[in-house]
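Have a look at the structure below, then the notes.
We did not get these values from a lab; they are worked out from the coordinates using the rules stated. Only a predicted model underlies this, so the values are computations on that prediction, with no experimental measurement involved. Glycine gets a Cβ as well: all are built from the backbone with ideal geometry, and neighbour counts include every protein chain shown.
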Ligand SMILES: Cc1cc2nc3c(=O)[nH]c(=O)nc-3n(C[C@H](O)[C@H](O)[C@H](O)COP(=O)(O)OP(=O)(O)OC[C@H]3O[C@@H](n4cnc5c(N)ncnc54)[C@H](O)[C@@H]3O)c2cc1C
Ligand SMILES: Cc1cc2nc3c(=O)[nH]c(=O)nc-3n(C[C@H](O)[C@H](O)[C@H](O)COP(=O)(O)OP(=O)(O)OC[C@H]3O[C@@H](n4cnc5c(N)ncnc54)[C@H](O)[C@@H]3O)c2cc1C
């Protein structure tokens, strides 16, 4: 039986879906403190695709790679709870301010360090930057083929895969060879829930940095159970060209940001009385909006 | 050299709407920058696309015509665009934020190490002063886009790397033909010089385009229903209003998920983007993801039982009440005052 080595790219994002009035600070910047940090939704769809391949081909390994601040180690733990075998947190101030290109470069260099990979599986898009660019750019950085908007793996035999893609106005089935970068759509099956046994098993999985902050009680565990160590890579652990990293390695720059949350415009309040509705309709007819 | 470039998507031998919209925008940017507008179309049997592209004011149209180049595939199309951009060195390159453009754009920008701004809603020429470097940049492309689920609008610039690349969604820019007799030249690229056989590694086994028969995007009036409409039956009221006003029916995702209405009618971040003259939101709360697809509408009427519904903040007319009562009244008084 065939086995595969799969890396899932997953990002921790602020939950931008339920944004209240306090989500933006007066200066127009995002108030991250009130937005919960979550596993990017489509990255969960990506993880599920990876776990399905693992179910079908026992011996396959699924690991996560996430780049972000220290607390993004939560992403690796979440993956472990759902059936992944491990993961790496890529974290360093040198990555701060990265645009999609600098992000892809850093992720690509980390992936190169991981040896031969059969699949890199990413979500289609992250809900904060909303660009859907990182998947294809990682593929280009690694010189790998990409298949975007995957909804279903229809068939996988040795090094040949058949995938169903969801396009703007239809669907497409494609066949190609591994290795491959694929990005998974939100319309793909949802991720399985946390497994209670795995939750118990990996509850104490931590990075070195987190461990240093913890009280002493559990430190012995990490010596007995190496699988509880979440590797933390900094810029010195991967080979990089500093000019391609972070803000200075990013061709795009944010010039300015404007807050648009619930900016009220002047609106007319209309009651449900017949006379109110009638005068509104007359106004719209007169202005040639309707009629 | 240093012109504005548009990648034209070809589907079934037709130039995609989004590409025509970008050609229109590209022409106005080129006028402002006093440079030429160029375009590229890649596919098969492209004899007729010239007459569909050049009237937008295209000075040079590059065609890469080969049986293997249709339908779209990532690697061959990337190879052609990358090499052509290396040769022509455009200052600006625009693509649709479509399933094709969002697959191709990032790949091309990575290969060229040029920035790419996704899903722009506005493109403007402006200048920028970099305080740190004490350097002034003129004639940069301001790439204005919503991010953070539509909660912020960011202006992105790309000071040093070329081309400045941007994707734009269908329906965001307006299309208009400049001159049906515009004189532009067509350059047929020698395909084997741009693509190698090893780029053709994906086999498209099957493909069916589910063309939407509906034309919600083109409709000047959209009557949209949300979860608050309550049932499939109640949606009939909205169809009736749309018919009387000469509009189309749209929906929120919650209404689609509840099975009140077909998926093709969904408006919002993961559905259609519309900008009608009039948008009537019935029983729609107005979450960010929905507003992303309709907040550019010229006028908005919000009908909602909740006086605090977020949709009210962007509405021109706020009607607090039950759609089952209000929609029939709108039909009645429309008929009364137009007869
Ligand atoms: C307001 C604003 C606007 C921006 N606009 C642009 C822009 O137009 N162009 C641009 O180049 N950059 C832009 N950026 C920067 C961009 O958001 C960041 O580079 C971001 O880290 C990656 O982009 P994304 O969130 O859009 O990811 P996407 O490209 O949408 O992510 C796709 C997938 O890639 C993987 N992935 C992405 N990031 C990571 C990560 N850190 N770790 C692991 N996996 C990951 C995930 O699987 C994810 O689902 C913008 C940032 C801001 C704040
Ligand atoms: C990644 C992502 C993408 C999404 N994409 C989209 C998208 O493309 N489009 C989209 O629409 N949503 C999208 N959503 C979902 C979005 O967040 C909201 O859940 C959805 O828009 C809510 O739909 P609604 O307003 O119809 O329902 P609700 O939020 O349930 O609102 C129903 C409204 O009806 C009112 N109401 C109830 N009864 C009546 C009555 N009798 N008369 C009048 N008013 C009444 C209520 O007061 C309420 O305001 C997306 C979400 C995510 C996470």
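A compact table of results
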read-out	value
Alpha-carbon spread of the stretch B:35-126, three principal axes, descending order, Å	38, 29, 26
Relative contact order, percent, the stretch A:1-147 [alpha-carbon distance under 8 Å, six or more residues apart]	32 percent
Relative packing of A:273-281, B:236-244, B:165-173, which averages over residues the other C-beta atoms within 10 Å, highest first	B:165-173, B:236-244, A:273-281
Three-way shape call for chain B based on the alpha-carbon gyration tensor, with the a/c threshold at 1.5	prolate
Distance between the stretch B:174-235 and the stretch B:99-168 - C-alpha centres, whole angstrom	23 Å
Relative contact order (percent, whole number), the stretch A:5-253, Cα cutoff 8 Å, 6+ residue spacing	25 percent
Span from the the stretch B:260-317 Cα centroid across to the the stretch B:1-46 one, whole angstrom	31 Å
Rounded tilt (10° steps) of B:232-245 against the dominant C-alpha axis of chain B	70 degrees
Packing-based ranking, highest mean first, of B:10-18, B:108-116, B:265-273 given that Cβ atoms within 10 Å are counted	B:108-116, B:265-273, B:10-18
Beta bridges by DSSP in the stretch A:5-253, antiparallel share as percent, to the nearest 5	40 percent
Translational D in µm²/s for the stretch A:232-291 (Stokes-Einstein at 20 °C, 1.002 mPa s, Kirkwood Rh from C-alpha pairs)	121 µm²/s
Sorted by Cβ neighbour density within 10 Å, fewest at the top, the residues B:78, A:234	A:234, B:78
In degrees, nearest ten, helix A:274-286 long axis to first principal axis of chain A (Cα)	90 degrees
Shape category assigned to the stretch B:1-59 from the gyration tensor of Cα positions, a/c cut at 1.5	prolate
Tilt relative to chain A, helix A:41-56 - C-alpha long axis, 0 to 90 degrees, to 10	40 degrees
Fraction of beta bridges assigned by DSSP in the protein assembly as shown that are antiparallel (%, nearest 5)	35 percent
Shielding by partners - mean other protein chain Cβ count within 10 Å, residues of B:96-109	6
Counting DSSP beta bridges with both ends in chain B, the antiparallel % (nearest 5)	25 percent
Scattering profile of chain A at q = 0.07, 0.12, 0.14, 0.17 Å⁻¹ [log10 I(q)/I(0), Debye over alpha-carbon scatterers]	-0.34, -0.83, -1.06, -1.46
Taking the stretch B:68-200 and dividing mean pair separation by its residue count, relative contact order in percent (alpha carbons under 8 Å, at least six apart)	31 percent
Prolate/oblate/rounded label for the protein assembly as shown (Cα gyration tensor, a/c 1.5)	oblate
Shielding by partners - mean other protein chain Cβ count within 10 Å, residues of A:279-290	6
Förster radius 51 Å - calculated FRET efficiency between residue A:204 and residue B:196, Cβ distance, rounded to 0.05	0.50
Radius ratio Rg over Rh of the stretch B:221-338, counting only Cα atoms, Kirkwood formula for Rh	0.92
